[in-house]
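Okay, structure first, notes after.
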Amino acid sequence: MKLATLKQGGRDGTLVVVSRDLSRCRAVPAIARTMLAAMDEWDSVEPQLRQVYEALNSGAMEGEAFDQTACHSPLPRTWQWADGSAYINHVELVRKARNAEMPESFYTDPLMYQGGSDSFIGPRDKVIAKEEWGIDFEAEITVVTGDLPMGATPEQAAKAIRLVMLVNDVSLRNLIPAERSKGFGFFQSKPASAFSPVAVTPDELGDVWKDAKVHLPLMVHLNDQLFGKPNAGVDMTFNFGQMVAHVTKTREMCAGSIIGAGTVSNKQGNLWGSSITNGGVGYCCLAEVRTYETIEQGKPATPFMRHGDTVRIEMFDAQGQNIFGTIENQVDTQALA
């Protein structure tokens, strides 16, 4: 099943059921007006939403044309957004660039930070930031959970995953060092994220949803040039069951919580073999290619995003169908001038 939120009807938008081919949608106010409302009553509303979904796909229900540009993030705001770093290759590279040792615990205990969940931007909204802040994108996979008790097992956590989404987890790299030096985590360096227009139930992914991972390439274009296509199911040290369970170690988890797996990153050779132009799978953030450049050349050569730059993030099934819709965020530095 596929769901989205249109930018209408208030700050939390209007929930719509979307056809599998992303061509049509149907608002369902009698079932749930918003995605947050659906998350709160998932067990009772999910069968009703699925009936609408099946009717849209079969043609028994016409619906309306689905416009991705009219979408907000599926959850315009929610109770919790926690992002991890399940792709250890990404962490290894970043630490190597600054000559930092990789603690052994990173391979057994997931990294995670608490993001801002009170306000997300839409999948086609602009990223408002200053160039001197070091604007970067991070293409990731995320999940939305149901309620979970404190101390949930990875198996329990995996069963509680309600939806899967993509995200552009915007990072302001030049603000991170000062915040890290305080020893209290990210805050100003992590502005609002943008999630994919469509959220899908795990069963919709078929056999590519396996071991609580999505086994498909995540496609990233920077200014219409292919920048990365690493497989999200490869080199993922911790699966989503483990990531979600990590959050519940000392607290309960509320339905509608979003948990991210961090920047998708596949192990590959040196810079000259890892980029798309040299036959590699490329990258899901600028920091990673800048890290390769620092390791191999002594300093980064690729700039962070500038005014007018655009990142596009998508994922396609084996038939070439766009699964989640398209995230396309352009940088606007002038809005802060």
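The values are calculated or read from the model by the stated rules, or taken from the named source; none is laboratory data. What you see is a predicted model, and the numbers here were worked out from it, not measured in a lab. Here Cβ is always computed from backbone atoms with ideal geometry, including for glycine, and neighbour counts include all displayed protein chains. Quick note on the areas: whole protein, heavy atoms, side chains included, nothing else; ligands and nucleic acids left out. Shrake-Rupley method; radii C 1.70, N 1.55, O 1.52, S 1.80 Å.
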Q) How about region 71-121: which of its residues are among the hydroxyl-bearing types (Ser, Thr, Tyr) and in contact (Cβ under 8 Å) with a residue 60 or more places away in the chain? A) Ser73, Thr78, Ser85, Tyr87, Tyr107, Tyr113, Ser117, Ser119
Q: Enumerate the strands (runs of 3 or more DSSP E) found wholly within region 1-102, keeping only those where 3 or more residues are open to solvent by 20 Å² or more (accessible area, probe 1.4 Å) and either more than 19 Å from Ile258 (Cβ to Cβ) or at pLDDT 95 or above (or both).
A: 24-27
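So that you can scan it fast, the table gives a plain yes or no per residue for (1) open to solvent by 50 Å² or more (accessible area, probe 1.4 Å); (2) hydroxyl-bearing (Ser, Thr, Tyr):
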| site | (1), (2) |
| --- | --- |
| Asp224 | yes, no |
| Ala245 | no, no |
| Thr248 | no, yes |
| Gly256 | no, no |
| Ser275 | no, yes |
| Gly280 | no, no |
| Leu286 | no, no |
| Pro303 | yes, no |
| Val311 | no, no |
Q.
Looking at the structure I just gave you, is Ser265 without any contact (Cβ under 8 Å) to a residue 60 or more places away in the chain, open to solvent by less than 10 Å² (accessible area, probe 1.4 Å) and in a loop (DSSP other than H, G, I, E, B)?
A. no
**Q.** Matching residues in region 169-216 - criterion: being among the hydroxyl-bearing types (Ser, Thr, Tyr), touching a Ser or Thr at 6+ places or on another chain (Cβ under 9 Å) and over 22 Å from Asp21 (Cα atoms)
**A.** Ser171, Ser189, Ser193
(Q) Being over 23 Å from Lys213 (Cβ atoms) and either in a helix (DSSP H, G or I) or modelled with pLDDT of 90 or more (or both) is the filter here; which residues of region 288-298 pass it? (A) Val289, Arg290, Thr291, Tyr292, Glu293, Thr294, Ile295, Glu296, Gln297
Q) Hey, any hits in region 269-283 for a residue that's under 28 Å from Met35 (Cβ atoms), part of a loop (DSSP other than H, G, I, E, B) and among the polar types (S, T, N, Q)? A) no
Q. When the residues of region 121-153 are filtered to those that are in contact with a His (Cβ under 9 Å, 6 or more places away or on another chain) and outside any strand (DSSP E or B), which remaining residue is surrounded by the fewest Cβ atoms within 10 Å (Cβ to Cβ)?
A. Glu131
**Q.** Sole residue being over 15 Å from Gly134 (Cβ atoms), crowded, with 20+ Cβ neighbours inside 10 Å and without any contact (Cβ under 8 Å) to a residue 60 or more places away in the chain, chosen from Ala194, Ala212
**A.** Ala212
Q: Please go through region 322-333 and pick out each residue that is outside any strand (DSSP E or B) and within 11 Å of Lys126 (Cα to Cα).
A: Thr333
